[in-house]
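Colleague: Submitted below is the structure of interest, expressed as structure tokens.
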Amino acid sequence: MIPGIAPKTAVAPVAWAPQPRHMFVFGAGFVGRYVSERLLAQGWQVSGTCTSVTKKRELEMLGMNAFVFDATESRYVTSSLENIHSLRQATHLLISIPPIPGIGDPVSCVYGDCGGVLVDEDHTVNPKSESAKLRYNAEKGWLNLIDDPNLSAFIFRLGGIYGPGRSALDTLTKGKSLSQRQKLRESKQYTARIHVVDIYQAVLASMSIRCARKIFNVVDNDPAPRAEVFAFARSLIQRRYPDLITETIDDKSTGLDYQEIIVRAEKLVSNARMKQELGVNLLHPTYRSGLQSILDAWQIQSQLPNRSQ
């Protein structure tokens, strides 16, 4: 994720540049939309892309200039970008579209297995999966592209993203069975994650520093195993809404023979640079705080997740 290609000024940080401040978001999905809504509330002009006409209407109702952009149609990418007039007017650019197999980054986490050691942004990467290799190539492409001294490029290596509507709490209340891929994750000792509000904090902070090219790990302080997170989420729900979970999801067992379990990409990801150089003070340093805030929001909103979704 590249949270900003921001023009620099000699007299003031980019975040406080004179109006108009115009963010263009490639991929207004879970994170992109969250960031957009908050920038709009601060008086920013925000434009962005989505994948359907229905989502385009939703974004327009928020106050965004929205465009349908199909990144999977590589032959139409260039012409599609040329037709997005708001892109030429943007002062900031947020890329939140993942690289696509067979295409790569349509707009232009990656360490691999480290044996459980602590890694930072300067650690030699060793991507094994196809998706990790694509992300790494996208990172190199953007960092090589931004060589103008008046532009800044920031790459965020995000942990597993969660937040309102997208968390272990929501998975449990919807009663959905775990996918094969989710079951395989049970064998991992460390799972980096980050609440969407802290992603927004990092994005906002990056726009107030002057740096030509920089990579940041955006993760919380507690890379707990997935099973531990689901056990805590279940306990939160059962204490406050004891009748809400009617089906049991086996979040402790993978459903696979032990010999079939492959532990991949074991590592502890350091967030020290994010804290020191961006000055981010995590609102949710652990999954416990993050999940508790989501559950509290259910009570404030006087509504629970719809199990039929």
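Colleague: Quick one: Tyr34, Tyr241, fewest Cβ neighbours within 10 Å first, how do they rank?
Modeller: Going from least to most buried by this count: Tyr241, Tyr34.
Colleague: So, one more: R0 = 45 Å: FRET efficiency of Arg210 with Ala297, Cβ-based, nearest 0.05?
Modeller: 0.80
Colleague: With a 10 Å Cβ neighbour count serving as the proxy for reagent exposure, in which order, fewest first, do Tyr162, Tyr287, Tyr190 appear?
Modeller: Numbers: Tyr162 24, Tyr287 27, Tyr190 16.
Ascending number of Cβ neighbours within 10 Å: Tyr190, Tyr162, Tyr287.
Colleague: Let me ask you something else. Arrange Ile194, Ile237, Ile215 by Cβ neighbour counts within 10 Å, fewest through most, would you?
Modeller: Placing the least packed residue first, the sequence is Ile215, Ile237, Ile194.
Each value in this text was obtained by applying a stated rule to the coordinates, not by laboratory testing. Values in this document were obtained by computation on a predicted structure and should not be read as measured data. So basically every Cβ, Gly included, is an ideal-geometry build from the backbone, and we count neighbours across all protein chains shown.
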